[in-house]
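Peer 1: Before we start, here is the structure in question, set down as structure tokens.
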Amino acid sequence: MMKKHRVLSEDLSALRRRAEERLLKHKQNNQGFSLSAGDMHRMIHELSVHQIELEMQQEELLQSRDDLEKGLERYTELYDFAPVGYLTLARDSTILEVNLTATRMVGVERSLLKGARFVLFVDPEESRVFNALMERVFSHQEPAFCEVMLVHDDDPLALRCVVRIEAVVQDDGQSCWTVLSDITRQKQIEMENTRLQATLFQARKMESIGRLAGGVAHEFNNMLQVMLGNIDLLFAREDLDVSAHLSLATVRSSIMKSAGIVRQLLAFGGKQIISPTILDLNVVVEHIIKMLERLLGEHIKVIFTPGDGLWPVKMDSTQIDQVMIKLALNARDAIKECGTLVITTRNIVVDSAYCFVHSELVPGDYVLLQVHDDGCGIDKETLDSIFEPFFTTKSMTEGIGLGLATVYGIVRQNQGAIFASSRKGAGTIFEIYLPRSAANGSA
């Protein structure tokens with residue numbers, strides 16, 4: 001456009017010079033200022049032609065200006081509403097220019113954002129990383145990037161960003177282009193994938209251990225039955241003296257204890273022989289409360305809050321007793337002095353969103369049995385292994401680590417799921433989800 005304007009000016013200047021030269025020539029030759037009709041006609045024609053060219057070029061200039069304005073508007077729109085945030089930062093991270101996307105990411109209006117230091121919107125724990133990035137860019141004049149969490153007024157925005165400083169813009173190196181890319185959703189997906197992989201690994205591990213435990217328990221049980229049968233035959237002999245009788249009684253007692261371990265292994269592996277019936281979980285738990293109170297002692301208070309209109313479940317009532325006793329014993333060990341054990345039941349409808357967090361569940365209706373103690377709690381590392389057989393934090397004389405493994409096996413055998421949540425010094429909560437039974441009577 002400037003080139004056209006320059007050409008037009010040059011043409012008009014040339015026309016004016018030619019007209020002045022002709023006037024001067026006629027003045028010298030004819031001692032006057034009159035022009036012939038032909039010269040006048042030619043000059044008028046040339047002026048008309050140039051006038052037309054001028055008008056055409058003026059229209060082109062107006063069209064070019066209109067195109068330039070539209071292009072500027074389009075550029076501004078693309079800049080402001082780009083999918084990433086654009087900023088121009090000074091060497092001390094002062095914001096010189098910023099688009100609307102970046103203002104939304106930071107959570108501050110553009111008028112307030114300009115002149116502020118960008119590092120103030122970075123999580124203080126990561127500001128050192130950002131400052132090092134800026135120093136490297138301005139020192140080495142090369143692009144660099146890092147990940148930071150954005151905050152505002154000490155309130156985390158839960159916005160994870162990649163900050164890319166592409167290049168130093170000005171020759172004096174006093175400002176740089178900065179690009180903000182929101183990767184919050186990407187990070188959430190990565191975390192969910194990691195969590196799901198860990199859950200899948202844990203489920204497969206527990207399944208494999210369960211099959212192993214069930215197989216070993218069956219073989220061990222068969223051997224115990226043979227030993228128990230032979231000992232009973234020896235007991236029947238009339239020539240058995242007292243010392244031999246006592247020795248056999250001790251052996252028989254050990255065999256019976258070993259059989260108890262076998263039953264717990266079978267329960268963990270889901271191989272326990274059961275007789276499930278349609279039950280009201282409130283009634284079953286109510287019947288065992290007195291036993292739990294005696295088991296826990298006077299220093300631990302048992303509170304039972306039954307849910308209204310509880311759905312029926314299909315389960316062997318003796319298994320519920322096993323679960324409650326083992327969880328109560330676990331609570332007793334966690335409560336050092338006085339404490340409380342709170343037992344609650346309620347109906348719960350599990351949808352796909354809930355299953356996304358609790359991956360061992362499938363959508364449907366469940367009865368939730370919750371057991372909460374206010375004991376010493378469990379640390380994260382221990383919590384990940386509490387349902388594994390033979391895992392225990394106690395000495396060998398206090399337990400063999402089959403209590404919670406048995407609870408896990410019983411729940412899984414009944415198509416349920418169990419979850420534990422705890423923090424060191426904040427107690428422990430066990431949540432048992434039992435599928436709702438559609439039947440209304442005995443199995």
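The values are calculated or read from the model by the stated rules, or taken from the named source; none is laboratory data. What you see is a predicted model, and the numbers here were worked out from it, not measured in a lab. Note: ideal-geometry Cβ built from the backbone for every residue, glycine included; neighbour counts use all protein chains shown.
Peer 1: Name the strands (runs of 3 or more DSSP E) wholly inside region 298-365 in which the number of residues that are at pLDDT below 85 and in contact with a Gly (Cβ under 8 Å, 6 or more places away or on another chain) is 3 or more.
Peer 2: Values: elements: 300-305, 313-315, 339-350.
Filter on region 298-365 gives an empty set.
Peer 1: I'd like to verify a number: residues in region 85-121 that are modelled with pLDDT of 85 or more, among the aliphatic types (A, V, I, L, M) and assigned to a loop (DSSP other than H, G, I, E, B), how many?
Peer 2: Count: 1.
Peer 1: Pull up region 336-371, narrow it to residues that are β-branched (Val, Ile, Thr) and buried (at least 20 other Cβ atoms within 10 Å of the Cβ), then point me to the one that is farthest from residue 304 (Cα to Cα). Walk me through it before giving the result.
Peer 2: First pass over region 336-371, keeping only residues β-branched (Val, Ile, Thr): 340, 342-345, 348-350, 357, 362, 367, 371.
From the residues that got through so far, the ones that are buried (at least 20 other Cβ atoms within 10 Å of the Cβ) too are 343, 345, 367, 371.
Details: 343: 5, 345: 8, 367: 15, 371: 9 Å.
The selected residue is 367.
Peer 1: Pull out all pairs, ordered by first then second residue, where Cβ-Cβ is under 6 Å, the residues are six or more apart or on different chains, the first lies in region 219-245 and is in the same structural domain as residue 256 (by TED's automatic domain parsing), and the second is polar (S, T, N, Q) and surrounded by 12 or more Cβ atoms within 10 Å (Cβ to Cβ).
Peer 2: Note: pairs meeting the criteria are 224/258.
Peer 1: Let me ask another. Going by what's in this entry, would residue 321 be described as exposed (fewer than 15 other Cβ atoms within 10 Å of the Cβ) and over 32 Å from the mean Cα position of the chain (by Cα)? Reasoning before the result, please.
Peer 2: Working: exposed (fewer than 15 other Cβ atoms within 10 Å of the Cβ): no; over 32 Å from the mean Cα position of the chain (by Cα): yes.
The answer is no for residue 321.
Peer 1: Going by what's in this entry, would residue 357 be described as farther than 26 Å from residue 286 by Cα and among the β-branched types (Val, Ile, Thr)? Spell out the reasoning first.
Peer 2: Values: farther than 26 Å from residue 286 by Cα: yes; among the β-branched types (Val, Ile, Thr): yes.
The answer is yes for residue 357.
Peer 1: Would you confirm whether or not region 278-290 contains a residue that is surrounded by 15 or more Cβ atoms within 10 Å (Cβ to Cβ), assigned to a strand (DSSP E or B), within 36 Å of the chain's Cα centre (by Cα) and not charged (D, E, K, R)?
Peer 2: no
Yes or no, residue by residue, for (1) of a type in the set (Gly, Ala, Ser); (2) in contact with a strand residue (DSSP E or B) (Cβ under 9 Å, 6 or more places away or on another chain); (3) at pLDDT 75 or above; (4) not in a strand (DSSP E or B):
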| residue | (1), (2), (3), (4) |
| --- | --- |
| 148 | no, yes, yes, no |
| 156 | no, yes, no, no |
| 206 | no, no, no, yes |
| 214 | yes, no, no, yes |
| 225 | no, no, yes, yes |
| 257 | no, no, no, yes |
